[in-house]
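None of the figures in this text is laboratory data; all of them are computed from the coordinates on show. This is a predicted model, so every value here is computed, not measured. Cβ placement follows ideal geometry from the backbone for every residue including glycine, while neighbour counts extend to all protein chains displayed.
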Amino acid sequence: MAIAVLAMLAGGLALGCAPTRAAATVGWLAIAPAAAVAWPLGRLGGPGRLLPPLGALLAAGALFLGQLIGQTRRLHELAGTGYGALLRDALPLWRADRRPLDLVFYGIAVIGGFLLTRRAATRQ
């Protein structure tokens, strides 16, 4: 479980640190944090009934964290303010900047996290 949470944090950080010029297409990488979370959760957790929903939740959390970090990086490039101050402002700006396509990315992350966790758990 702890390894899956660490994978969620690492996946979110990697997604948030993607090049800024690829910001429009980086959402399609939503499956990568889902896979990063699902593999250790399914492999080490075994065939538990709660693991696939937990994998879906952690995959969505990784995507959310990645989007917040990416928003903070873009704000830092524009304003030059420190990351700590910008992180407080990133959530309201993230809400204002949401697009309908973001729901598709969250759907990909949730479904991918669920299915990949279930698949990894059954391949023991």
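Worth a mention:
- Rounded FRET efficiency, nearest 0.05, which uses the C-beta distance separating LEU50 from ARG99 and R0 of 22 Å: 0.10
- Equivalent ellipsoid semi-axes - Cα gyration tensor, the chain, angstrom: 29, 14, 11
- Cβ-defined net charge surrounding PHE105, 11 Å radius [Lys, Arg +1; Asp, Glu -1]: +1
- You can think of it this way: the chain between VAL5 and HIS76 has 22.9 nm of extra reach, that is 0.36 nm per residue less the Cα-Cα gap.
- Simple spin-label estimate for THR122 and TYR106 gives 2.8 nm between the two label positions (7 Å along the Cα-to-Cβ direction from each Cα).
- Coarse-grained scattering of segment 78-124 at q = 0.13, 0.18 Å⁻¹, given as base-10 log I(q)/I(0) from a Debye sum over alpha-carbon atoms: -0.54, -0.72
- Tilt relative to the chain, helix 51-79 - C-alpha long axis, 0 to 90 degrees, to 10: 20
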